[in-house]
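The values are calculated or read from the model by the stated rules, or taken from the named source; none is laboratory data. In this text the structure is predicted, and so the values were computed from the model without any measurement. Quick reminder, even Gly has a Cβ in these numbers, built from the backbone with ideal geometry, and neighbours come from all protein chains shown.
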Amino acid sequence: MSARTSLIALTLSALLAACGGSGSPGHAHTQAASLAPAQPAASPTTTRAARPAGAPRVQALVTAETENRLLVVALPSGQVVRSIPLPADPEDIAAENPAWESGRLAVVTSAAAAGKVRLLRGPLLRTVREWGGFTSPHIVELMPVPEGFDAYVTDDARGTVTVIDLRRGRVMSTLRVGANAHHLSFNLIHQMAWVALGESASTIVILSTQDPARPTVLGHFDPGFEVHDLAFTSNGNRVWVTSANRSYVTVFDVDQHMLFRVPAGPPPQHVALIGSYAYLTSGYGSMIEQVDARTGRILAKASSPDGSFELAADERYVVVSSLLRGKLAIYTPRLKLLRVVHLAPATREVALSSPGGSRP
């Protein structure tokens, strides 16, 4: 086993759930839910007291698709602190906060209108590199490797997964996996990735990532329903698979055996895993759920803005962005609503990131 592979197998905490990408806005919306009123803005003193000593600030990174911008939103205030121009039609975003100083980075895909992938780096997320040549780049996820990360980018139109070495700025490989390559998730422990072929996928392609720069196809899996999103648990033993046509989320083991199902809102759903919890969104059901990731028991539910497909979560906040209303809803991990802010005509993807430092 190479040093590169050994590091990945040991990096349990770096597992990234693939929760980005679009919901399908063409579905008829039949259900509306009212939101609790936003709470008054917390004073600086209250905000400092709520954060553990030395903990970094947290920001939500939100793609404003129709405005071709990335919005940097302070949490929990909801204040937009930066607006970063992007190539046309920005959709997905993946972000990381490596331990080394000034290691903050984000990768954004701009789909059919631009066909580009852009790397932003540093505390202020300045553009440092851009790659073209894609037809319809959609989902991007970050694979931890020695000295940093590789970006895996799916291209729906080409049916490919492209690996970009973010440290050297080089495209390492492009693998054809099948038409409509879309959501993907890494299993770092078992050195594999699962790729759903489409927003309503009947096939999942299983890749070997033993050589992260050059993945290979291991096989295919038909889960028995149309798949939208998927995410592996940090121990690599389970994968949460959301549906494009059914009101439940299914959990499989790594050998593709179904373990249990969790009732969810109208499809498509998205999923984020953090610690022992799974968070499930239903944009057309205007709801989000907190679920015990071990048992599938629903622990809490909350209303969300209509069209809130995308989500991100960490130990302090859960956020959802509304493609249909352009709003960001900010919750505690127990889904207590802290604030709803209107950001743009349409907000698609959201990720959590820290600019570094511990000042409020």
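Some notes on this structure:
- Filter result for the condition that a residue is outside any strand (DSSP E or B) and in contact (Cβ under 8 Å) with a residue 12 or more places away in the chain, over A95, A106, A60, A88: A88
- Filter pass, P267 being in contact with a Lys or Arg (Cβ under 7 Å, 6 or more places away or on another chain), in a loop (DSSP other than H, G, I, E, B) and not aromatic (F, W, Y): yes
- Residue among V291, V271 that alone is at pLDDT 95 or above, β-branched (V, I, T), buried (at least 24 other Cβ atoms within 10 Å of the Cβ) and in contact with a Phe, Trp or Tyr (Cβ under 6 Å, 6 or more places away or on another chain): V271
- When the stretch 218-264 is filtered for residues that are of a type in the set (D, E, K, R), under 24 Å from F309 (Cα atoms) and part of a strand (DSSP E or B), the ones remaining, listed by number, are D229, R238, R261.
- When the stretch 111-126 is limited to residues that are in contact with a Leu (Cβ under 8 Å, 6 or more places away or on another chain) and in contact (Cβ under 8 Å) with a residue 40 or more places away in the chain, the one that is nearest to V72 (Cα to Cα) turns out to be L125.
- Pick from the stretch 343-360, criterion not in a strand (DSSP E or B) and not aliphatic (A, V, I, L, M), ranking: modelled with the lowest pLDDT: P360
The rows are residues; the columns are (1) buried (at least 24 other Cβ atoms within 10 Å of the Cβ); (2) touching a residue at least 40 places away in the same chain (Cβ under 8 Å); (3) within 21 Å of the chain's Cα centre (by Cα).
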position: G159; (1), (2), (3): no, no, yes
position: A179; (1), (2), (3): no, no, no
position: P212; (1), (2), (3): yes, yes, yes
position: T242; (1), (2), (3): yes, no, yes
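- Meeting the requirement of 2 or more residues that are farther than 17 Å from G103 by Cα and in contact with a Cys (Cβ under 9 Å, 6 or more places away or on another chain), the strands (runs of 3 or more DSSP E) wholly within the stretch 120-206 are 181-187.
- Residues located in the stretch 304-343, provided they are on the phi > 0 side of the Ramachandran plot and among the small types (G, A, S): G307, G326
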